[in-house]
Amino acid sequence: RPGFLLPPLMFRDEELEALALGLRWVADLGEHGLSEGARNALAKVAAVLPPALRHELEASALLVGRAVRRVAASEDDPYRAAIRGGQKLRLTYRDSAGTTSQRVVWPFALVYFEQSRVLSAWCELRDDFRNFRSDRIVEVEPLGVPYPRSRRALLAEWQRLVRATNRNILPESDIMPT
């Protein structure tokens with residue numbers, strides 16, 4: 001916004017290292033939109049740091065190793081757009097056995113693992129929360145229809161359910177791409 005000024009930011013060493021490492025990870029391994037956003041955010045943070053802290057940020061020795069493969073996504077990610085807009089998606093999904101199904105979902109979270117992403121959503125077919133590995137989504141169609149509950153309410157309910165059942169989002173064998 002015009003006239004908006006941010007005072008110099010002060011961080012402890014661990015905070016600055018965490019910030020640099022996290023943003024570098026997303027810049028190096030995230031899909032295009034997030035990758036660009038991370039690089040821009042890191043540049044903006046560096047621009048408002050006092051000179052001594054800016055030097056520490058630039059000289060940070062915590063680096064991101066190259067992954068076997070980067071999370072695959074188009075430049076214009078339909079999952080993130082649907083989550084931001086609270087819009088329904090129609091998915092064609094192939095499960096681990098190779099069975100294909102059509103789903104209309106209310107996406108509320110995108111969970112990043114080192115080599116895959118998982119779309120968490122309310123599934124109209126199952127009338128329950130479901131998780132979908134993005135590399136198993138054969139087709140995605142934005143429906144342009146808002147879902148009837150807020151994204152925040154869905155996320156909070158899903159988080160309570162995950163904590164109450166003490167389970168992982170997906171079994172370990174289902175997280176790694178095949």
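The values are calculated or read from the model by the stated rules, or taken from the named source; none is laboratory data. Predicted model only: the values in this text are computed from it and were never measured. Cβ coordinates were reconstructed from backbone atoms using ideal geometry, including for glycine residues, and neighbour counts include every protein chain displayed. The accessibility values were calculated without ligands, DNA or RNA, using every heavy atom of the protein model including side chains. Shrake-Rupley method; radii C 1.70, N 1.55, O 1.52, S 1.80 Å.
Under the condition of being charged (D, E, K, R), over 25 Å from Ser134 (Cα atoms) and either in contact with a Phe, Trp or Tyr (Cβ under 8 Å, 6 or more places away or on another chain) or crowded, with 16+ Cβ neighbours inside 10 Å (or both), the residues counted in segment 10-32 number 1.
State whether the residues of segment 141-164 include one that is among the acidic types (Asp, Glu), surrounded by fewer than 13 Cβ atoms within 10 Å (Cβ to Cβ) and farther than 17 Å from Asp77 by Cα. Checked segment 141-164: no residue is among the acidic types (Asp, Glu), surrounded by fewer than 13 Cβ atoms within 10 Å (Cβ to Cβ) and farther than 17 Å from Asp77 by Cα.
Please determine, by comparing only the residues of segment 33-87 that are modelled with pLDDT of 85 or more and in contact with a Ser or Thr (Cβ under 8 Å, 6 or more places away or on another chain), which one is surrounded by the fewest Cβ atoms within 10 Å (Cβ to Cβ). Per the criteria, the residue is Gly86. Can you name every residue in segment 117-140 that is open to solvent by less than 80 Å² (accessible area, probe 1.4 Å), among the basic types (Lys, Arg) and part of a strand (DSSP E or B)? Matches in segment 117-140: Arg117, Arg133. In segment 16-24 there is no residue matching the filter, namely being at pLDDT below 85 and out of contact with any strand residue (DSSP E or B) (no Cβ under 6 Å at 6 or more places or on another chain).
Identify all residues within segment 94-115 that are of a type outside the set (A, V, I, L, M), under 16 Å from the mean Cα position of the chain (by Cα) and surrounded by fewer than 17 Cβ atoms within 10 Å (Cβ to Cβ); write none if there are none.
Tyr112, Phe113, Glu114, Gln115
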